[in-house]
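All remarks here apply to the structure that follows.
The values are calculated or read from the model by the stated rules, or taken from the named source; none is laboratory data. Keep in mind the model is a prediction, meaning the values are calculated, not measured. Don't worry about glycine lacking a Cβ; one is built from the backbone with ideal geometry, like all the others, and counts go over all protein chains shown.
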Amino acid sequence: MSDRLKTARLVAVGLLGLALFNFPLLAVFDTDAVVAVVAGVPALWAYLFVAWALVIALLAWIARSR
């Protein structure tokens, strides 16, 4: 993979991370409803963990690709 393509993909993942951790999406998962629990964990915390893990996995995948 060329350096320009890798840089573009890293920037895209950075922008995705910015979008995932910004207000509109966080507001969707920030609720006080009783049904907003995923496997015993509040929905907001589950969303933050999954989104964080997704961004890290994408960054690692892009960094390791040749």
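Summary table
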item: Close pairs (6 angstrom Cβ cut-off, 6 or more residues apart or separate chains): at negative phi in segment 15-31, of a type in the set (Val, Ile, Thr) and exposed (fewer than 10 other Cβ atoms within 10 Å of the Cβ) anywhere; result: none
item: Scan of segment 51-62 for residues that are exposed (fewer than 15 other Cβ atoms within 10 Å of the Cβ) and either over 30 Å from Met1 (Cβ atoms) or of a type in the set (Gly, Ala, Ser) (or both), ordered by number; result: Ala53, Ala57, Ala60
item: Close pairs from segment 36-50: first surrounded by 12 or more Cβ atoms within 10 Å (Cβ to Cβ), partner outside any helix (DSSP H, G or I) and modelled with pLDDT under 85, Cβ under 6 Å, at least 6 apart; result: Ala43/Ala36; Ala46/Val38
